[in-house]
Amino acid sequence: GNRYPQPIDWDLATVPEGMSSSISVFRTSGGNNGQYLTRANGAGNLPNGEIAVGQAFFARATVHNTVFTFTNALRVEANPATVARPVVDTRPTVRLTLQATTPDAVADETLIYAETGATRGEDLRFDGLRPGRNTGAVPTLASLIDGQEAAVNGLPLHALTNGQTVVELTAALPTTGTYTLTAADVANLPAGTTVSLLDRKLNVTQPLTAGTAYQLTATTAGEVLAGRFALVFNSQRPLGTSNLAPGTSPLTLFPNPASSGAEVRVTGVAAGERVQLLDATGRVVRTATTAVLNTRELAAGVYTVRAAGGRTTRLVVE
């Protein structure tokens, strides 16, 4: 906790080896309602990275007996928001919020950004894992990193410029009713890169720009939506007018990249529709009608997945 008589600014902290750069604080909003606010690498929903006087916070270490030293340099004499504007973040960013459509509902959020040095896996410097789910009637929204729920997810820059990247999402809906999933911010994406929300249950792909809203319904209290939603970044440039039939969905793959031997799920195909996997020479190396491609015994490289209607997308096998 912060035992100084002033707030401290986590963005000024020097984090030792073996300790994550992220912290989370728990904020109550009345009754048993509360949510975790997270800051990692200058990003997240903890405003300005500021920790109030007496505020407890959660930090994560992966090395036993890691020591973090508080210094006077962390102290701020006043709320930074009142004396200086924060530096504008120029990193590619997608910020999603999830909120019940009821009066005074509290929104939760997850943030995905890209920066040089980050990887698709967990990075202590770039990512902020959740210490837990929110409580009471506050929903929880997270992206997944190696199956772990994250409030802040740093991606490598090439993930947004090299074909297709899928980021899985999970949501915990504490009460029944309607919720709104909103792209609160979509900023600084590389030229030619788009991002969409994939709903596998409804087989819908919704292009996202700042302000785009998508509604979902919880039919049971405590429902957890895992495997239904994903963000799809696509940097493939169209070579001409799309020849997809009206109402036809684009192809999306998960996982992508995939390790050799993995089963790759193809979304956007009808039941029984033939899906082909082609190598770099155009040779068909796999054919399936179950919307699942097996990469067993395939060499590492870039492959093309092809379905009906001229739809193709790229698969990376590592």
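The values are calculated or read from the model by the stated rules, or taken from the named source; none is laboratory data. Everything numeric here is computed off the predicted structure, so don't read it as measured data. For the accessible areas, the whole protein counts, side chains as well, though only heavy atoms, and no ligand, DNA or RNA atoms are used. Shrake-Rupley method; radii C 1.70, N 1.55, O 1.52, S 1.80 Å.
Give the long-range amide H neighbours of Ile145: residues separated by 5 or more places, or on another chain, with amide H under 5 Å away, using H modelled in the peptide plane at 1.01 Å from N.
Here Ala150 satisfy the definition.
Given a 1.4 angstrom probe, I'd like the percentage of the accessible area of the chain that is carbon and sulfur, rounded to a whole number.
53 percent
Roughly speaking, what is the centre-to-centre gap between the stretch 208-231 and the stretch 151-172 when only Cα atoms are used, to the nearest Å?
17 Å
With each run of n ≥ 4 DSSP H residues scored as -39500 (n - 2.57), what mean residue ellipticity at 222 nm is computed for the chain after dividing by its residue count and rounding to the nearest 500 deg cm²/dmol?
For the chain, the value works out to 0 deg cm²/dmol.
Over all pairs of distinct alpha carbons, what does the Kirkwood formula give as the hydrodynamic radius of the stretch 163-312, in Å?
One decimal place: 17.0 Å for the Kirkwood radius.
Which order do Asp11, Asp146, Asp127, Asp104 take by accessible area at a 1.4 Å probe, largest first?
Ranked list, largest accessible area first: Asp104, Asp146, Asp11, Asp127.
Per residue, how much accessible surface does the chain expose to a 1.4 Å probe? Answer in Å², no decimals.
Dividing the accessible area of the chain by its residue count gives 48 Å².
In the stretch 1-102, how does Rg compare with the Kirkwood Rh, expressed as the Rg/Rh ratio over alpha carbon atoms?
Computed over Cα atoms, the ratio is 0.98.
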